[in-house]
Amino acid sequence: MSAAAFMTALFDAARSHQSWAETVLEELVRLESPSGDPDALASCARRLVGVLREEGLQVDIRSSGGLRHVRAETGSGRTALVLGHYDTVWPVGTLAEMPLRRENGRLYGPGVFDMKAGIVIALLALRALRDAGRRHERIVMLWTADEEVGSGTSRALIEEEARGADAVFVLEPALPDGGVKTARRGLGEFRIEASGIAAHAGVEPERGASAVHELVRQIAGVLALHEPSHGITINVGTIRGGSRPNVVAESAEALVDVRVASADAARRVAEAMARLAPVDPRVRITVSGGLNRPPFERTPAVEHLYMLARGLAASLGRELPDGATGGGSDGNLTAALGVPTLDGLGAHGGGAHARHEHIELDSLAFRGALLAGLLASGTMTQLRTDARDGRADHET
């Protein structure tokens with residue numbers, strides 16, 4: 001069967017389940033699931049588990065830190081890890097101010113774009129494969145509960161599953177042009193704390209050692225690391241310190257956001273932060289934090305996986321661009337292990353973390369068919385061959 005016929009069958013099957021997919025998506029969005037709210041997360045997880053079991057997957061809950069990460073499995077053969085999260089940035093009660101609504105082919109609502117639509121797209125892919133009569137590889141789905149707050153309790157599980165996978169497909173939202181993500185910056189946060197000596201600023205300033213003054217000197221040094229052309233961006237997001245204008249400040253702190261495009265850039269920043277030392281020896285400097293997501297680099301393995309996806313999209317007469325983003329995801333963790341990872345396979349839309357968060361409803365079937373094509377038996381076998389040029393006329 002040609003790739004065109006193969007993908008057309010998957011697309012037609014996905015479209016036949018569009019109404020079902022929209023219904024499930026609305027159910028999940030109505031189950032508000034903010035990070036850090038175990039009860040709300042548990043309610044959403046219960047429905048997610050129910051849907052997965054209804055679709056015939058073997059499901060189990062992996063609990064960590066009081067949170068429930070949902071793992072599901074089906075099929076046999078090479079292993080594809082389908083990865084995403086069901087936590088959102090929106091607190092319980094947001095739906096009262098930002099209700100689900102449809103307008104001009106879009107579905108608006110908290111968490112619909114980032115990234116509950118991605119979960120539904122994965123389920124739609126399975127239905128498309130089944131209806132089109134296509135076998136698929138061993139699929140492990142992992143839907144975590146803490147991605148929006150750094151994946152602290154899920155990271156070990158994500159990395160464990162990724163090490164056993166031939167490829168990872170991340171159902172985070174697409175780029176604004178509908179493209180997939182083949183690179184992400186690594187990111188982290190550092191806290192710089194200065195402890196000085198308080199004194200009266202007018203009567204005996206020489207007895208004091210200003211934590212604020214020292215922190216300003218340190219910030220100047222940190223900002224010298226800001227080199228966008230070399231893949232490093234630094235943002236001093238908050239500064240706090242001192243008590244009154246007429247008191248030499250005893251304490252001060254700054255929070256610094258760091259984004260890096262490569263492992264080399266990550267090392268440079270980490271080493272520079274570790275070397276920070278006070279100019280005034282009477283002030284103590286403490287640096288904590290670090291990079292919590294390594295950079296996701298566009299390696300040949302990532303490019304190869306993208307070319308396969310681009311070829312499948314082309315067989316439906318669609319372009320599939322790719323690009324990089326400064327935001328992080330759990331795809332950073334899997335790509336850093338050297339596992340071929342393709343991110344941004346979720347819905348086309350916009351407004352992540354914003355009041356106008358929405359998806360384009362007509363993107364669901366195409367995205368479901370695209371993922372189905374990647375999961376179908378035989379597709380991932382090509383990962384073991386030389387990288388191809390993305391042509392759409394191979395047999396499948």
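Remarks
- Test: residue in region 219-241 that is charged (D, E, K, R), buried (at least 18 other Cβ atoms within 10 Å of the Cβ), modelled with pLDDT of 95 or more and more than 17 Å from Ser288 (Cβ to Cβ): no
- Meeting the requirement of 3 or more residues that are surrounded by fewer than 23 Cβ atoms within 10 Å (Cβ to Cβ) and either in contact with a Phe, Trp or Tyr (Cβ under 6 Å, 6 or more places away or on another chain) or not assigned by TED's automatic domain parsing to the domain that holds Ala21 (or both), no strands (runs of 3 or more DSSP E) wholly within region 40-89 can be named.
- Selection of region 283-301 for residues being under 12 Å from Lys181 (Cα atoms) and touching an Asp or Glu at 6+ places or on another chain (Cβ under 9 Å) yields Phe296, Arg298.
- Long-range neighbours under 6 Å by Cβ, at least six apart or interchain, first residue modelled with pLDDT of 95 or more within region 1-21, second basic (Lys, Arg): His17/Arg127
- Test for Leu100: is it in the same structural domain as Lys181 (by TED's automatic domain parsing), surrounded by fewer than 16 Cβ atoms within 10 Å (Cβ to Cβ) and touching a Leu at 6+ places or on another chain (Cβ under 8 Å): yes
- Among the residues of region 103-120, the ones that are part of a loop (DSSP other than H, G, I, E, B) and either out of contact with any Ser or Thr (no Cβ under 8 Å at 6 or more places or on another chain) or outside the structural domain of Glu147 (by TED's automatic domain parsing) (or both) come to 3 in all.
- Qualifying positions in region 121-164 - closer than 16 Å to Leu10 by Cβ, among the aliphatic types (A, V, I, L, M) and part of a helix (DSSP H, G or I): Ile121, Ala122, Leu123, Leu124, Ala125, Leu126, Ala128, Leu129
Matching residues to (1) within 16 Å of the chain's Cα centre (by Cα); (2) of a type in the set (D, E, K, R):
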{"residue": "Asp131", "(1), (2)": "no, yes"}
{"residue": "Ile139", "(1), (2)": "no, no"}
{"residue": "Ser154", "(1), (2)": "yes, no"}
{"residue": "Lys181", "(1), (2)": "yes, yes"}
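- Among the residues examined, Ser363 qualifies as modelled with pLDDT of 95 or more and of a type outside the set (A, V, I, L, M, F, W, C).
- Those residues of region 287-327 which are within 30 Å of Glu271 (Cβ to Cβ) and assigned to a helix (DSSP H, G or I), in sequence order: Pro300, Ala301, Val302, Glu303
- Those residues of region 254-280 which are over 18 Å from the mean Cα position of the chain (by Cα) and surrounded by 18 or more Cβ atoms within 10 Å (Cβ to Cβ), in sequence order: Ala254, Val256, Ala265, Ala266, Val269, Met273, Pro278
- Qualifying position, being in contact with a strand residue (DSSP E or B) (Cβ under 9 Å, 6 or more places away or on another chain), assigned by TED's automatic domain parsing to the domain that holds Arg62 and either under 22 Å from Leu157 (Cα atoms) or at pLDDT 95 or above (or both), among Leu95, Leu129, Leu124: Leu129
- Contacts under 6 angstrom Cβ, first residue in region 114-131 being more than 11 Å from Arg367 (Cα to Cα), partner of a type in the set (Val, Ile, Thr) and modelled with pLDDT of 95 or more, 6 or more apart: Lys116/Val29
- Of all residues in region 135-157, those satisfying the criterion of being charged (D, E, K, R) and modelled with pLDDT of 95 or more are Arg138, Asp146, Glu147, Glu148, Arg155.
- Sole exception among (1) assigned to a strand (DSSP E or B); (2) outside the structural domain of Ile232 (by TED's automatic domain parsing) for Glu193, by number: (2)
- Residue identified as charged (D, E, K, R) and within 30 Å of His304 (Cα to Cα) among Arg293, Arg275: Arg293
The values are calculated or read from the model by the stated rules, or taken from the named source; none is laboratory data. As the structure is a prediction and not an experimental result, all values here were calculated from the model. Cβ atoms come from the backbone with ideal geometry, glycine included; neighbour counts cover every protein chain shown.
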